[in-house]
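Have a look at the structure below before the remarks.
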Amino acid sequence: MDDQKLENLKIQLQQLHNEAHEFVQSIPPTQLYGAIGVVILTIFFFLIIRLFKRRASNTIVLTGLSGSGKTVLFYQLRDGSSHQGTMTSMEPNEDTFVLHSETTKKGKVKPVHIVDVPGHSRLRPKLDEFLPLAAGIVFVVDAVEFLPNVRAASEYLYDILTKASVVKRKIPFLLLCNKVDKVTAHTKDFIRKQLEKEIDKLRASRTALSSADIANEYSLGVPGEAFAFHQCLNKISVAETSGSTGDISQLEQFIRDYVQA
């Protein structure tokens, strides 16, 4: 009985195939080609829309060394509060919200997904979970304790700027000098130049290693020239902020440049 049903199904499928073949042959070639063209264009536009939606991310990633003030900035953006000063994160702070400074705006304002990734070296692999989603990356530097940490900051920054997930998508990058309200804080120009010098040294030493020992996916800069941030494929801006006083306007401007309200 099962064999008979299978045979009947084969016959029906063959009949449908023959009818479909006859129907296609009955269509004038111009109409057939036109229909095929419409299908191809529909698929093409569907893929373009999917790609656009994928790129229209509202995620901003805050990263940098421990103690640079990322978590205070996170709470300033969300609540307008420093949460009583220094905070150390052992897990990413992650939330989607309307920026505190925009809560009184009339009309609909697009929320932002902010992720504060811990700066401790053992916890940095968590950063890789969020980079593919980022509309922008903010690398926070302690402008007061900059010089003792310049080497460590440069190594971390180098590793991020050579990741395929960052370079391929050309994710915009903000080098944010925090705690500039302090008298002993270094200027953003000084910090930028020192980081460029350190990264240039790193580039030379890592290029000298065998390819089997290099964990970075992309190289930085122009061969034969001293490294500068403007050589990167990613657009890199430098700004100043003070999480403790709430002066975060340059950070907010960067966010709204890449996550439209």
* Asked: Sorted by packing (mean other beta-carbon atoms within 10 Å per residue), highest first, where do 128-140, 105-117 land?
  -> 128-140, 105-117
* **³J(HN,Hα) computed for each position of region 227-243 - Karplus, 6.51 cos²θ - 1.76 cosθ + 1.60, integer Hz, glycine/proline x** => 5, 9, 4, 5, 7, 5, 5, 7, 6, 10, 10, 10, 8, 10, 7, 9, x
* Could you tell me whether region 53-165 comes out rounded, prolate or oblate from its Cα gyration tensor? Rule is a ≥ b ≥ c as square roots of the eigenvalues, rounded for a/c under 1.5, then prolate if a/b exceeds b/c, otherwise oblate. => oblate
* Of the peptides 68-76, 236-244, how do they stack up when ordered by the mean number of other Cβ atoms within 10 Å, highest first? -> 68-76, 236-244
* Return the sequence-ordered ³J(HN,Hα) values of region 139-145 in whole Hz as given by the Karplus equation 6.51 cos²θ - 1.76 cosθ + 1.60 applied to θ = phi - 60°, using x for Gly and Pro. => 9, 8, 10, 6, 6, 7, 9
* If you stretched the chain out fully between Arg122 and Lys235, how much longer would it get, using 0.36 nm times the residue separation minus the C-alpha to C-alpha distance? -> 37.9 nm
* Structure fact -> Karplus ³J(HN,Hα) for region 70-77 (6.51 cos²θ - 1.76 cosθ + 1.60, θ = phi - 60°; Hz, whole; x = Gly/Pro) runs 4, 5, 4, 5, 4, 6, 5, 5
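Read-outs: derived from the displayed coordinates by stated rules, not from any lab. If you're wondering where the values come from, they're calculated on a predicted model, not measured in any experiment. In this analysis, Cβ positions are derived from the backbone assuming ideal geometry, glycine residues included, and neighbour counts consider all displayed protein chains.
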